[in-house]
Structure formats: C-alpha cells, structure tokens
Amino acid sequence: MRRTLLPVAALALVAALSGCVTITAPTDDPEPVASGQPTVSTGVADDETADPAPSAAPDTPGAPATLRALTCEQLKTAALGNGSERYNGYAEPIPLVDGMWSGEDGTVVHMQQPCAIGDLTGDEAADALVPVLMDGGGTGKFWQIVMYGNIDGRPVYVTMVDIGDRTPVESVSISSRRATVVYLTRPEDASAAEVAVRRTAVYQLSGSRLVEVSHTDTPYTP
C-alpha cells in the first residue's frame, strides 16, 4: 500500500510547488481545445459546407433597363422619313450625312441648330426635336420641325411640322411632353420677304403628328 501511495503523493507535491503541470482527467476528444481559445459554433455540421453569400445577378429578370437619351449628334446621320411617314412627299427616306442631303433636282436639306432633347411620347426615353431647312434652289427657304422618337437609344423619324417659308427658328425646347418652338414669321398680309412677328408655338404629339395647341405673338423688329 505504501509503495502505491508514495509516488502519487510525491507527484502531487511536485505539481503544487512548480505550478506548471495541470493534471486533467482523460477525455475521448482526440484534439482538445487549447487553453484560452473558446469554441465557436458555426451552426454547420462537420460534413456540410457553408455556402458563400449570394451575389446579385447582373441581369435580373423584370428589372427596368437604363433608358438612354438621344443626342443631337446622332441626328446628323439619321434619316428623314420612313415607310409610313414620308418626308415632304419623298417616296424613300432621305439619309443625312453630317446633317445634310442633296437631291438630283438641286434640293438641299440642311439640319439646323438648336436641337432639343426630351420625352414627347411618355415612355420616359428622351426623344429629339430639330429644325430643318429645305432649299429648293429658288427664293423659297422652307423651315420645318422634325421629331425623332427614341427606340433603344436610336433616333427613328416620327413626323415633321412645316412652319413656313423664310421663317427662321430661334429656339426649340421640350418640357412636360410638349415642344415649344420660337421662330420669326409675318402677318398674313405681309410679303414673304418680311418678318415682323416672333411666334412662340407649343406642340403636343397626337398619334404620329405634332399638333399645335397654342401660340403667342410679339412684335419683332430686325
């Protein structure tokens, strides 16, 4: 009995004096957690792998696409007229090159400034409005307002409004789905060479036509 207790007592005495040895009961865990390192539960079993956080899909079905506005620069290479809406009676659309076109009959079509960008159709995609001057080679210089719709960021001819002979456009703008055009004109009894009125006309799209809804006139002196 003494031979059994003496070694145990001696070991206990050495442990108490040194403070460096900790005697613990054996466990079945093959890899005990080191002292000072707490165990953290992940909520995932050992045979499971946690999925990474899902990333947002770049193209979510049903998400609205970005509506790219037209630019005035795009109009310089657009066409005047289309299959259903002719430009000034021309059977085929007129292709513009750098904003101009010359016909075999001597007619010259020249896109003018300024251009206006804004929504006229109500689809929140900004359309375009631009003055166009048609010169047939004689004294007549016919001014028109041309509208282009926005189809996937491309200008597509919609319609044209003829505002008269030698009636230069000063400004165009688009707001609240209406187009405002300021141009010079004349009283009905004045000669074609005379301009004495500054007209501010407001247009609204009705079907495929720009319809004037109102205008105001003020005197103009060259």
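The values are calculated or read from the model by the stated rules, or taken from the named source; none is laboratory data. Note that this is a predicted model, so its numbers are computed, not measured. Cβ coordinates were reconstructed from backbone atoms using ideal geometry, including for glycine residues, and neighbour counts include every protein chain displayed. Side chains included, ligands, DNA and RNA excluded: accessible areas come from the protein's heavy atoms. Shrake-Rupley method; radii C 1.70, N 1.55, O 1.52, S 1.80 Å.
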- Note on the structure: So GLU124 and ASN82, fully extended at 0.36 nm per residue minus their Cα-Cα distance, gain in nm 12.8 nm
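Let's test the formula: R0 of 45 Å, r as the Cβ-Cβ distance of ASP98 and SER206. What FRET efficiency results, to the nearest 0.05?
Working: r = 32 Å, r/R0 = 0.71.
Calculated value: 0.90.
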- Segment VAL213-ALA91, extension gain: residue separation times 0.36 nm, minus the distance between their alpha carbons: 41.0 nm
- Message: 7 Å from Cα along Cα→Cβ at both SER176 and ALA196: what's the point-to-point distance in nm?
- Response: 3.3 nm
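Of all accessible surface on the range 64-222 at a 1.4 Å probe, what whole percent is carbon and sulfur? Display every interim value, and only then the final one.
On the way: 4260 of 8350 Å².
Of the solvent-accessible surface of the range 64-222, carbon and sulfur hold 51 percent.
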- Relative contact order (percent, whole number), the range 138-222, Cα cutoff 8 Å, 6+ residue spacing: 21 percent
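State in Å² the accessible area per residue of the range 97-222; use a 1.4 Å probe, count heavy atoms of protein chains only, and round to the nearest integer.
Details: 6290 Å² over 126 residues.
Averaged over the residues of the range 97-222, the accessible area is 50 Å².
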- Length gained, LEU133-ASP162, 0.36 nm per residue minus C-alpha separation, equals 9.5 nm
